[in-house]
1. Considering only segment 148-157, state which residues are surrounded by 13 or more Cβ atoms within 10 Å (Cβ to Cβ) and either at positive phi or touching a helix residue (DSSP H, G or I) at 6+ places or on another chain (Cβ under 9 Å) (or both).
2. How many residues, within segment 357-372, are surrounded by fewer than 22 Cβ atoms within 10 Å (Cβ to Cβ) and either aliphatic (A, V, I, L, M) or part of a loop (DSSP other than H, G, I, E, B) (or both)?
3. Go through segment 195-206 and give me each residue that's closer than 23 Å to Asp146 by Cα and buried (at least 24 other Cβ atoms within 10 Å of the Cβ).
4. Can you tell me which residue among Lys322, Lys303 is of a type in the set (Lys, Arg), surrounded by 14 or more Cβ atoms within 10 Å (Cβ to Cβ) and at pLDDT 95 or above?
5. Mind listing whichever residues of segment 272-282 are open to solvent by 10 Å² or more (accessible area, probe 1.4 Å) and either acidic (Asp, Glu) or touching a residue at least 40 places away in the same chain (Cβ under 8 Å) (or both)?
6. Read through the list (1) buried (at least 19 other Cβ atoms within 10 Å of the Cβ); (2) farther than 30 Å from Ile277 by Cα; (3) of a type in the set (Asp, Glu), then give the number of the only condition that Asp348 fails.
7. Scan segment 283-292 residue by residue and report those that are open to solvent by 20 Å² or more (accessible area, probe 1.4 Å) and under 17 Å from Leu334 (Cα atoms).
Amino acid sequence: MTNRERTLRILRFQSVDRFPAVHFGYWRELLLEWAEQGYISRSLAESVGDNNAADHELDKILGWDFNWASTRGASTRFFPAFEKKVLETLPDGTQRVQNNLGVIERIKPGIVSIPAEDDYLLKDRKAFETLYKPKMQFDPARVDLDYFRTFNETRPKDTPLGLWLGSILGDIRSMTTVPGMSYLIYDEDEELFADIVDTYAQMQYECAKAILETGAKFDFAHFWEDICFKNGPLLSPALFDSLCSKHYRRMSELCHAHGIDLISLDCDGVTEQLLPIWVENGINVMFPIEIGVWGDQFEPARKKFGNRVLGVGGMDKVAFRKDRAAVDAELERLTRLVRLGGFIPCPDHRLMPGSKFELVRYYTEKIKEIKI
């Protein structure tokens with residue numbers, strides 16, 4: 001069987017010859033660590049990007065079958081983006097930088113985590129109408145129609161490929177920052193926030209529609225949201241429902257009309273309160289099912305929704321920083337989830353610095369041995 005066949009059969013509760021070893025990419029700092037340790041070349045470490053040639057080369061070295069971040073789509077963010085520019089350099093070398101979403105970040109020398117956010121531009125209707133709304137419109141130039149017209153003939157046949165659907169609310173959270181989103185919703189102008197969501201979602205819909213009308217065929221479709229944290233969603237489920245459900249439903253119906261029955265959504269944090277909204281509006285694949293202090297979220301979701309909820313992810317990547325016993329314990333837990341059906345283990349985020357090369361290789365060998 002090909003990895004594409006394995007993946008689709010597992011997510012449809014059918015038998016397979018073996019499980020695929022699936023990953024979700026790496027922190028660049030980890031790859032540089034492995035280069036310094038002599039496991040890979042520095043040139044390879046510096047070249048890896050999702051699904052590029054270097055990524056495929058590293059897959060072969062480590063034993064992965066493919067990277068789940070295998071999607072194709074339109075340019076679904078700002079068109080054009082804001083100019084990235086340094087606004088100020090502070091005495092300690094920290095720079096205040098306006099990013100391509102119009103958010104002002106503090107970039108500290110030597111720090112590679114998510115930057116602190118100082119300020120943002122999307123604060124009121126004037127900013128939306130003059131700075132943001134023009135960048136949120138559909139433009140045929142967002143879609144490489146020539147590429148998608150030949151997609152079925154040129155796409156890799158071994159790997160499942162998804163249609164990138166963009167984001168309904170996660171990108172907007174990134175544009176406004178979490179505090180800014182909260183002010184816009186609750187203190188400033190709830191109607192304005194709904195207009196922002198509707199405008200952005202309409203553009204996402206038109207991008208997906210333009211691609212699908214070329215006849216391009218996909219194995220699944222995929223949203224990115226990241227609208228939850230360790231205690232749950234960043235806004236009330238009721239408000240999320242009123243703002244977003246109609247857009248998820250419309251996009252799901254579009255996908256179904258073009259033969260796509262697997263629709264995954266990437267959201268970190270505790271997703272329990274939003275999961276009913278997603279499931280009721282056509283999303284049926286949880287990803288990456290982050291393992292935090294709260295533990296596994298897939299088994300409770302399966303108990304609640306039955307086979308309407310499928311999963312890709314749920315592997316606690318922290319085990320790669322420990323020892324073989326920790327990886328074995330994680331494999332034992334994942335085997336139980338695999339036997340529920342409709343579930344493919346995958347590290348719950350990009351592999352982070354400190355992950356041990358030999359443990360990753362051990363995992364990729366053992367995950368392929370799981371029997372159901």
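1. Phe148, Phe151, Pro156
2. Total satisfying the criteria: 6.
3. Gln204
4. Being of a type in the set (Lys, Arg), surrounded by 14 or more Cβ atoms within 10 Å (Cβ to Cβ) and at pLDDT 95 or above holds for just one of Lys322, Lys303, which is Lys322.
5. Scanning segment 272-282 gives Glu272, Gln273, Ile277, Glu280.
6. (2)
7. Glu290, Ile291, Gly292
Conditions tested, residue by residue: (1) in a helix (DSSP H, G or I); (2) open to solvent by 80 Å² or more (accessible area, probe 1.4 Å).
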{"site": "Pro91", "(1), (2)": "no, yes"}
{"site": "Val97", "(1), (2)": "no, no"}
{"site": "Ser113", "(1), (2)": "no, no"}
{"site": "Leu122", "(1), (2)": "no, no"}
{"site": "Thr130", "(1), (2)": "yes, yes"}
{"site": "Phe138", "(1), (2)": "no, no"}
{"site": "Asp146", "(1), (2)": "yes, yes"}
{"site": "Leu163", "(1), (2)": "no, no"}
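The values are calculated or read from the model by the stated rules, or taken from the named source; none is laboratory data. As the structure is a computational prediction, the values presented were derived from the model and not from experiment. Heads up, the Cβs are rebuilt from the backbone with ideal geometry, glycines too, and the neighbour counts pull from every protein chain shown. Surface areas here come from the heavy atoms of the whole protein model, side chains and all, with no ligands, DNA or RNA. Shrake-Rupley method; radii C 1.70, N 1.55, O 1.52, S 1.80 Å.
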